[in-house]
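The values are calculated or read from the model by the stated rules, or taken from the named source; none is laboratory data. Model, not experiment: these values are computed from the prediction. Virtual Cβ from ideal backbone geometry, glycine too; neighbours counted across all protein chains shown. Each accessible area value is taken on the protein alone, full model and side chains, heavy atoms only, with ligands, DNA and RNA left out. Shrake-Rupley method; radii C 1.70, N 1.55, O 1.52, S 1.80 Å.
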Amino acid sequence: EAGVAEALYLRHYSGDVKLFMAYGGAQLTPAQRERLGAAGIGWNEAPVEAMRREGEQVVVVHAGRETRCQALYCALGVNVHSQIAESLGASLDETGYVVVDARHACDVPGLYAAGDVTMGLNQISVALGGAAIAASAMHRALPPAWPAPAGA
């Protein structure tokens, strides 16, 4: 399902999208085939055997056949590794992502999370942005580094 969702997303940017299966045993459901077909996305359920670059093209080998592509976008799925946050008492959503607020704070005081353990696009730029927000929130939560004036 993750691959189907990624292919449908990429269809907004290209009129020529094909979905290849990275692993053996993966089969599309009739509903997934219908969604891909309606979007004009081709697919091949035979697992990818090899890939190579030939000039400006990427050649994908599957079931002994070759398909030439201008670009290749790999989406292998995500296993959320949120065990540390969970062991500290942080709440997780139904898919295992750490639940955070707008400043990336968890429901455990002093605990923040950013990157692929929080719901998002699972992209480096998004992780960096979340980390910057969390770092700023942590900094603001710290007491000042200088002594308070007498009588304050």
Residues that are open to solvent by 30 Å² or more (accessible area, probe 1.4 Å), at pLDDT 95 or above and either touching a Leu at 6+ places or on another chain (Cβ under 9 Å) or assigned to a strand (DSSP E or B) (or both), drawn from the range 72-107
86, 88, 89, 92, 99
For the range 7-24, how many residues are within 14 Å of the chain's Cα centre (by Cα) and open to solvent by 60 Å² or more (accessible area, probe 1.4 Å)?
1
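Mind listing whichever residues of the range 108-152 are part of a loop (DSSP other than H, G, I, E, B), touching a residue at least 12 places away in the same chain (Cβ under 8 Å) and surrounded by 10 or more Cβ atoms within 10 Å (Cβ to Cβ)? Step through it out loud before you land on a result.
Of the residues in the range 108-152, the ones part of a loop (DSSP other than H, G, I, E, B) are 108-111, 113-117, 119-123, 142-152.
Of the ones still in play, those that are also touching a residue at least 12 places away in the same chain (Cβ under 8 Å) are 108, 110-111, 113-117, 119, 122.
Within the range 108-152, 108, 111, 113, 114, 115, 116, 117, 119, 122 qualify.
Test of understanding: among 70, 27, which residue is closer than 30 Å to residue 129 by Cβ and within 23 Å of the chain's Cα centre (by Cα)? So that I can check it myself, show each step before the final result.
Values: 27 fails: closer than 30 Å to residue 129 by Cβ.
The match here is 70.
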Anything in the range 1-17 that is within 19 Å of residue 59 (Cα to Cα), of a type outside the set (Val, Ile, Thr) and in contact with a helix residue (DSSP H, G or I) (Cβ under 8 Å, 6 or more places away or on another chain)? List them, or say none.
7
In the range 27-47, how many are outside any helix (DSSP H, G or I) and open to solvent by 40 Å² or more (accessible area, probe 1.4 Å)?
5
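When the range 125-151 is examined, which residues are found to be of a type in the set (S, T, N, Q) and farther than 23 Å from residue 109 by Cα?
125
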What number goes with the only condition from (1) out of contact with any helix residue (DSSP H, G or I) (no Cβ under 9 Å at 6 or more places or on another chain); (2) basic (Lys, Arg); (3) not in a strand (DSSP E or B) that residue 52 does not pass?
(3)
